[in-house]
Amino acid sequence: MNDHIAPPGMLLRMLEGRAAIEASQLMLQFPLLRLQAKKGRGEPVIVLPGFMADDSSTAVLRYFLNSIGYKSVGWGLGVNRKPMLSLLPQLQSLLDEMVAKHGQKVRLVGWSRGGILSRELARDTPEKVARVITIGSPVKGGTGASNLGPMVQRTTGLSSAAMSALLRSRQQVEIKVPVRAIFSKLDGVVNWKACIDDMSPDVEHHEILGSHVGMGTNVDVFRLLPRLLKDNG
């Protein structure tokens, strides 16, 4: 695994400002996207936010999923900033509740760091997870592959090397559920190369055009999700 992936350069970081334009484009196309989307049948979905974000950041995405027939919820844990392993027990409890309530496996959708958490939750309990969809989520390169790396290290108290070592240790166990990874080569926060999963046995990669900050309201993401959430996605 390559632990030497540089963060995106200055130009891509500057282009993150186009997230507002992406949100406007989504609003214009929202009715058509809903009409064309493959419909769910009440399947449960947990949507996890990115680093330093909370459920408000995924509100539009969850509204869309619910409007096309899924039963999606946020993670309900406030701002995503604690060390990841400390969050897994609480997420496990939420997963257990969803399985008990709906009587079926749960789909996990995670944006950025939320995708990393989704993968680790699926790694630990594949019998409860139908599939994982990550959106701009780094799976290698440590915190050095992201422009948020220094902030993550300060917040969690873990160095990039320590985080990489921890991830390598957990990766000794494969993720046995389908993984669908969405990434953008225009991502100004996470180097897209860090989002390429060359470890999981059942993984697909789907490239979109857009910023990292705007992925929660990106037309390409909303067009892809309904297909990727289906068992034959």
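The values are calculated or read from the model by the stated rules, or taken from the named source; none is laboratory data. Remember, it's a predicted structure, so these values are computed and weren't measured experimentally. Note that each Cβ is placed from the backbone with ideal geometry, even for glycine, and that neighbours are counted across all protein chains shown.
Run down P83, P126, P89 and say which single residue is at pLDDT below 95 and more than 20 Å from E22 (Cα to Cα). Testing whether each residue is at pLDDT below 95 and more than 20 Å from E22 (Cα to Cα) leaves just P83. Applying a threshold of 9 Å to beta carbon distances and a minimum spacing of six or more residues, or different chains, the list of pairs starting in the stretch 213-229 at a residue that is surrounded by fewer than 21 Cβ atoms within 10 Å (Cβ to Cβ) and ending at one that is among the polar types (S, T, N, Q) reads D220/S184; R223/Q29; R223/Q36.
Within the stretch 170-203, track down each residue that is surrounded by fewer than 19 Cβ atoms within 10 Å (Cβ to Cβ), under 19 Å from L148 (Cα atoms) and not hydrophobic (A, V, I, L, M, F, W, C). K185, K193, listed by residue number. If only residues of the stretch 125-165 that are touching a Lys or Arg at 6+ places or on another chain (Cβ under 9 Å) and of a type in the set (D, E, K, R) are counted, the one that is surrounded by the fewest Cβ atoms within 10 Å (Cβ to Cβ) is E127. For the stretch 114-149, the set of residues classified as among the small types (G, A, S) and either within 25 Å of S56 (Cβ to Cβ) or touching a Gly at 6+ places or on another chain (Cβ under 9 Å) (or both) consists of G114, G115, S118, A122, G136, S137, G142, S146, G149, listed by residue number. None of L88, L26 is surrounded by 14 or more Cβ atoms within 10 Å (Cβ to Cβ), within 20 Å of the chain's Cα centre (by Cα) and closer than 29 Å to T155 by Cβ except L88. Could you grab me the full set of residues in the stretch 4-16 that are surrounded by fewer than 16 Cβ atoms within 10 Å (Cβ to Cβ) and either over 30 Å from S164 (Cβ atoms) or in contact with a helix residue (DSSP H, G or I) (Cβ under 8 Å, 6 or more places away or on another chain) (or both)? If the condition is that a residue be surrounded by fewer than 16 Cβ atoms within 10 Å (Cβ to Cβ) and either over 30 Å from S164 (Cβ atoms) or in contact with a helix residue (DSSP H, G or I) (Cβ under 8 Å, 6 or more places away or on another chain) (or both), then H4, A6 are the ones that fit. Residues considered: G210, G142. Of these, the only one that is under 17 Å from the mean Cα position of the chain (by Cα) and either farther than 30 Å from I68 by Cβ or among the β-branched types (V, I, T) (or both) is G142. Quickly run through the stretch 176-219 and pick out the residues that are more than 27 Å from A59 (Cβ to Cβ) and of a type in the set (G, A, S). The answer is S200, and nothing else. With respect to the stated conditions, R227 is within 28 Å of R18 (Cβ to Cβ) and charged (D, E, K, R). Filtering the stretch 178-207 to residues that are farther than 11 Å from V139 by Cβ and either of a type in the set (S, T, Y) or over 15 Å from the mean Cα position of the chain (by Cα) (or both) leaves S184, K185, L186, G188, P201, D202.
Cβ-Cβ distance below 8 Å, separation of 6 or more or different chains: which pairs start in the stretch 69-83 with a residue that is surrounded by 20 or more Cβ atoms within 10 Å (Cβ to Cβ) and end on one that is of a type outside the set (G, A, S) and assigned to a loop (DSSP other than H, G, I, E, B)? From residues that are surrounded by 20 or more Cβ atoms within 10 Å (Cβ to Cβ), the pairs are Y70/E43; W75/P49; N80/P49; N80/F51; N80/M52; N80/D54.
For P49, are the conditions met, namely being surrounded by 20 or more Cβ atoms within 10 Å (Cβ to Cβ) and either more than 30 Å from V99 (Cβ to Cβ) or touching a Ser or Thr at 6+ places or on another chain (Cβ under 6 Å) (or both)? Yes: the conditions hold for P49.
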